[in-house]
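Peer 1: One structure, pasted below without further comment.
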Amino acid sequence: MVKVKLYAYLRDNRGKEVDFEYRTGLTIADIAKELELDLSDVSIIICDGKDDVPEKMKDVEVKEDSLVHFFPPVAGG
Amino acid sequence: MYGYMGKILRINLSNGSIKVDDLDFELAKKFVGGRGLGTKMLYDEIDPKVDALSPENKIIFMNGPMSGTPTPTGGRYMVITKSPLSGTIASSNSGGTWGARLKYAGYDGIIVEGKADKPVYVEIHEENVEIKDASHVWGKLVGETTDILQKDKDTNVLAIGPGGEKLSRMAAVMNERDRAAGRSGVGAVMGSKNLKAIVVSGKKKVNLFNEAKTRDNNKEATNKLKENPVTGQGLPTYGTAVLVNVINANGVLPTHNFQKGFFDAADDISGETLAEKYLLRKDPCHRCPIACGRYTKTDKVEGGGPEYETIWAFGSDCGVKDLEAIIEANHWCNQYGVDTISVGATLAAAMELKEKGLLEDVDFEGHALDFGNAEAMVYWTKKIGAREGFGDKMAEGSLRLCKEYGREDLSMTVKGLELPAYDPRGVQGHGLTYATSNRGGCHVRGYMISPEILGLPDKLDRLELKDKPLWVKIFQDLTAFIDSTGLCLFTSFALGADDYANIYNAIVGTEWSGDDVLKAGERIYNIERQFNLEAGIMPDQDTLPKRLLEEEMPEGPSKGHIHHLDKLLPEYYELRGWDAQGFPTKERLADLGL
């Protein structure tokens, strides 16, 4: 099972956490599409310890027990 | 003179004299204002070796040229003095409205000298300035003091609480009740001078060099801030605490006094949870379209905050997952006038000392300082503010506390200032800013979290070392300029050096480029460095706690990493034009006009 976590306003109508049935070749872009998540609304994606912008992460193939985080543009200090 | 009021108020509390100095416009342009100009004045007027709590130290409240103008976020001011906590230069920034009001009263800044023989406060209404008896508010909390001294809605009150009166080295200067110039113990310097408060009112106007151009610039800056997803949506909706989850997901949310970087209950104390359960309304500073400030309420307290740093310090750093307790601790810090970061971090250090069996002799009064004990965390926060029981020892800060128990290595400080909410083992550039910050362990002297974690303006690999010293230098120099203008650092999520140059030129009448902005920032950074060197803060203090340099992160997404300061520092010194030992060269200082 692939676990997906969402934050800030990406949680609206999707919830905090969604589980995905794993299938061979499942990419982060596939997950975003199924969540009706426009990657232009996403700023940072973290998958199994690797973090980067959607453009660099979208084609990453997840593993059976992957944990994927989607963050919108956020900041503070 | 444009942008500046041209007047500095000089108040000597030893002899009661009140004078008005003319501002040297050339000096003002060279050091901009706020942090830069205040530091230059302090450097010229005191011996950096003075005891920070002696009458020989001075405390300067300084505005920038954009404070009090219609420029978005133009209302911040700086408190500059020698820090009683770190012995370094202290320049502590605050928002709210007090800074802008001081401009409306007709002053760019105030220099306070000497020491009153009894508690006093200063009341300023334009040209009418009086030193008044403060015996009726001495000993009172910040909220009650503000209620008593605030005459009407056009009056703004800056005050210290019992923390500053009792010389806690973590004491803050507060304005509008819950806005804080929080760091470096600046409130204790006010307390050491028997100065309880400065009350300001006035309705003067700041003259602008080019009003039409300023209007255009403001419109453009406001649009950029509103259209930027961070300043236009993320910060207004969730406040700074929206960071809790992303910092934790990267494994760099310091937990249990930096023993690890991942907190299982992070979402319980996140900005999302704060907004859902406790947020009453946004609480913006003067002329701020971002409005990241929070106003929250629980069954026990209500008021401004908490910010991300506060939530981390009392939350994961103390192992506490009770957000109501964190809001309460924040409330008491504001009321007693003490810094939430340093107080939370000192409590976390005490918890680790206790965990290691080193506090057997301490009377915990039935409130054991164990990681995760929310009730004890709130109890001892109040005791630190009041300097009672074991709280009296903790009010000296984490470094002095840990030294007393023979474990200096457990103090997560740089140059004596408690580190904030990011573990540098998983953010290499940010660790370099901690080590080289002129006021010690600080996150807002070069916020490398922005590119290394948040991808702003570009995403950098947070563990990579290459090019990080250059990024750090540029961020530090730009920040030094912004801190000197009176604008909020958060504008830099949407604006760049060229934007700031355009805004500055239209207000002051200069013809600066983005490069000039960075050079002014570099000049400010170097004069701070000179102050520290003359104060005896040597380059060997450009370091991090041993734990972060030697102990691998034990778990979480940053598992196995240490901070590689030794590989970053030589290149950083070289880029700064300092020698290999970290001393600024004569050539670089001359190039900067120092």
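We did not get these values from a lab; they are worked out from the coordinates using the rules stated. Quantities reported herein were computed from a predicted structural model and do not represent experimental measurements. Cβ atoms come from the backbone with ideal geometry, glycine included; neighbour counts cover every protein chain shown.
Peer 1: Using amide H atoms built 1.01 Å from N in the peptide plane, name the residues 5+ places from B:C288, or on other chains, whose amide H lies under 5 Å from its own.
Peer 2: B:T73
Peer 1: Taking only the alpha-carbon positions of the stretch B:7-201 and ignoring solvent, what does the Debye formula give for the base-10 log of I(q)/I(0) at q = 0.18 Å⁻¹?
Peer 2: -1.22
Peer 1: Then there is this: So for chain B: antiparallel DSSP bridges make up what percent, rounded to the nearest 5?
Peer 2: On the way: 47 of 58 bridges.
DSSP beta bridges in chain B are roughly 80 percent antiparallel.
Peer 1: One quarter of the convex hull surface, Cα atoms only: what value does that give for the stretch A:2-71 in nm²? Numbers along the way, then the final one.
Peer 2: Working: hull surface 16.0 nm².
Mean projected area for the stretch A:2-71: 4.0 nm², to one decimal.
Peer 1: Within the stretch B:402-508, which trypsin sites (Lys or Arg not before Pro) sit in a loop by DSSP and count at most 16 neighbouring Cβ atoms inside 10 Å? It would help to have the intermediate numbers written out before the result.
Peer 2: Working: sites: B:K403, B:R407, B:K415, B:R425, B:R439, B:R445, B:K459, B:R462, B:K466, B:K473; in loops: B:R407, B:K415, B:R439, B:R445, B:K459, B:R462, B:K466.
Passing sites in the stretch B:402-508 are B:R407, B:K466.
Peer 1: In whole Hz and in residue order, list the ³J(HN,Hα) couplings for the stretch B:278-294 that follow from phi through the Karplus curve 6.51 cos²θ - 1.76 cosθ + 1.60, θ = phi - 60°; x for Gly and Pro.
Peer 2: 10, 6, 8, 6, 6, 9, x, 7, 3, 6, 10, x, 7, 6, 7, x, 10
Peer 1: Lysine pairs in the stretch B:424-591 8 or more apart or on different chains: how many have alpha carbons under 15 angstrom apart? Don't jump to the answer; show the numbers that get you there.
Peer 2: On the way: B:K459/B:K468; B:K466/B:K567; B:K468/B:K567; B:K473/B:K519.
Within the stretch B:424-591, the lysine pair count is 4.
Peer 1: Quick one: of A:K16/B:K277; A:K5/B:K277; B:K58/B:K204; B:K29/B:K224; B:K58/B:K415; A:K50/B:K277, which pairs are farther than 23 Å apart, Cα to Cα? List each step's numbers first, then the result.
Peer 2: On the way: A:K16/B:K277 16 Å; A:K5/B:K277 20 Å; B:K58/B:K204 27 Å; B:K29/B:K224 26 Å; B:K58/B:K415 21 Å; A:K50/B:K277 32 Å.
Listed pairs above 23 Å: B:K58/B:K204; B:K29/B:K224; A:K50/B:K277.
Peer 1: Still on this structure, I have one more. Just to be sure I understand: of the beta bridges DSSP finds with both ends in the stretch B:7-201, what percent are antiparallel, rounded to 5? Intermediate results must be reported in sequence, preceding the final value.
Peer 2: Details: 36 of 47 bridges.
In the stretch B:7-201, DSSP labels about 75 percent of beta bridges as antiparallel.
Peer 1: List the pairs from B:K40/B:K118; B:K118/B:K140; B:K103/B:K219 whose alpha-carbon separation is above 26 Å, in the order I gave them. Could the numbers behind the result be given before it?
Peer 2: On the way: B:K40/B:K118 30 Å; B:K118/B:K140 15 Å; B:K103/B:K219 22 Å.
Among B:K40/B:K118; B:K118/B:K140; B:K103/B:K219, the Cα-Cα distance tops 26 Å for B:K40/B:K118.
Peer 1: If you don't mind, another one. Between B:E574 and B:L463, what's the calculated FRET efficiency when r is the beta-carbon distance and R0 is 22 Å? Round to 0.05. Before the final figure, lay out each step's value.
Peer 2: Values: r = 22 Å, r/R0 = 1.01.
Efficiency at R0 = 22 Å is approximately 0.50.
Peer 1: For the stretch A:2-71, give the magnitude of the charge dipole about the Cα centre (Cβ charges: +1 Lys/Arg, -1 Asp/Glu; no others), in debye to the nearest 20. Numbers along the way, then the final one.
Peer 2: Working: 11 positive and 17 negative charges, 32 e Å.
The calculation lands at about 160 debye.
Peer 1: Compute and list, largest first, the equivalent-ellipsoid semi-axes of the protein assembly as shown from the alpha carbon gyration tensor, each √(5λ) rounded to a whole angstrom. Before the final figure, lay out the partial values.
Peer 2: On the way: eigenvalues 273, 167, 123 Å².
Over the Cα atoms of the protein assembly as shown, the ellipsoid semi-axes are 37, 29, 25 Å.
Peer 1: Might you report the magnitude of the Cβ-based charge dipole of the stretch B:237-418 about its Cα centre, with Lys and Arg at +1 and Asp and Glu at -1, to the nearest 20 debye? Show your work: numbers first, answer last.
Peer 2: Details: 19 positive and 30 negative charges, 125 e Å.
Dipole about the Cα centre, nearest 20: 600 debye.
Peer 1: Now for a different question. What is the distance, in nm, between label points placed 7 Å from the Cα along the Cα-to-Cβ direction at A:A29 and at B:S54?
Peer 2: Taking the simple label geometry, A:A29 and B:S54 are separated by 6.8 nm.
Peer 1: If the chain between B:D21 and B:D44 were fully stretched, how many nm would it gain, using 0.36 nm times the residue separation less the Cα-Cα distance? Could you put the intermediate results ahead of the total?
Peer 2: Values: separation 23, 0.36 × 23 = 8.28 nm, distance 1.49 nm.
Contour length minus the Cα-Cα distance gives 6.8 nm.
Peer 1: Does a label point 7 Å from the Cα of B:K300, set along Cα-to-beta-carbon, have any residues of the stretch B:249-278 with amide nitrogen under 11 Å, and which are they?
Peer 2: none
Peer 1: How large is the direction-averaged shadow of the alpha-carbon convex hull of the stretch B:332-408, in nm²? Mind dumping the intermediate values first?
Peer 2: Values: hull surface 17.7 nm².
Over all viewing directions, the stretch B:332-408 projects a mean Cα-hull area of 4.4 nm².
Peer 1: Further, regarding this structure: Percent antiparallel among DSSP beta bridges with both residues in the protein assembly as shown, to the nearest 5? Don't skip to the answer; put the middle values down first.
Peer 2: Values: 59 of 74 bridges.
Beta bridges within the protein assembly as shown, antiparallel portion: roughly 80 percent.
Peer 1: Can you report the principal axis dimensions of the stretch B:164-320 using only the alpha carbons, biggest first, rounded to whole angstrom?
Peer 2: 53, 46, 30
Peer 1: Now for a different question. For chain B, what are the per-bin percents of Cα-Cα distances with bins 10 Å wide, up to the bin holding the maximum?
Peer 2: All Cα pairs considered, the percentages come to 4, 19, 31, 29, 15, 3, 0.
Peer 1: So what are the three principal axis dimensions of the stretch B:424-591 from its Cα atoms, in whole Å, longest to shortest?
Peer 2: So the extents along the principal axes, rounded to whole Å, are 54, 36, 23.
Peer 1: Report ³J(HN,Hα) in whole Hz for each residue of the stretch A:41-48, in order, from the Karplus equation J = 6.51 cos²θ - 1.76 cosθ + 1.60 where θ = phi - 60°; Gly and Pro get x.
Peer 2: Each residue's phi maps through the Karplus curve to give 8, 9, 9, 9, 10, 10, 9, 6 Hz.
Peer 1: What is the spin-label model distance, in nm, from B:E360 to B:K277 if the labels are put 7 Å beyond Cα along the C-beta direction?
Peer 2: Result: 3.8 nm between the two label points.
Peer 1: Using only Cα positions of the stretch B:237-418, each an equal point scatterer, no hydration layer, compute I(q)/I(0) via Debye at q = 0.20 Å⁻¹ and quote the log10 values to two decimals.
Peer 2: Log10 I(q)/I(0), no solvent term: -1.34.
Peer 1: A further question follows. Per residue of the protein assembly as shown, what 222 nm ellipticity follows from adding -39500 (n - 2.57) for every DSSP H run with n ≥ 4, rounded to the nearest 500?
Peer 2: Values: 25 runs with 237 residues, N = 671.
The per-residue figure over the protein assembly as shown is -10000 deg cm²/dmol.
Peer 1: Can you run phi through the Karplus equation (6.51, -1.76, 1.60; θ = phi - 60°) for the stretch B:118-129 and list ³J(HN,Hα) in whole Hz, with x for Gly and Pro?
Peer 2: For the stretch B:118-129, the Karplus curve yields 8, x, 9, 9, 10, 10, 10, 10, 6, 6, 8, 10 Hz.
Peer 1: Given H placed 1.01 Å from N in the peptide plane, which residues other than close sequence neighbours of B:D579 have an amide H under 5 Å from its amide H?
Peer 2: Long-range HN contacts for B:D579: B:T585.
Peer 1: A further question on this structure: Cross-link candidates for B:K321: which aspartates and glutamates have Cα within less than 15 Å, leaving aside residues fewer than 8 places away along the same chain?
Peer 2: B:D264, B:D267, B:D268, B:E272, B:E309, B:D370, B:E375
Peer 1: So what's the net charge close to B:M190: Lys and Arg +1, Asp and Glu -1, counting the other residues with Cβ under 9 Å from its Cβ?
Peer 2: On the way: positive: B:K193, B:K196; negative: B:E165.
Charge balance near B:M190 sits at +1.
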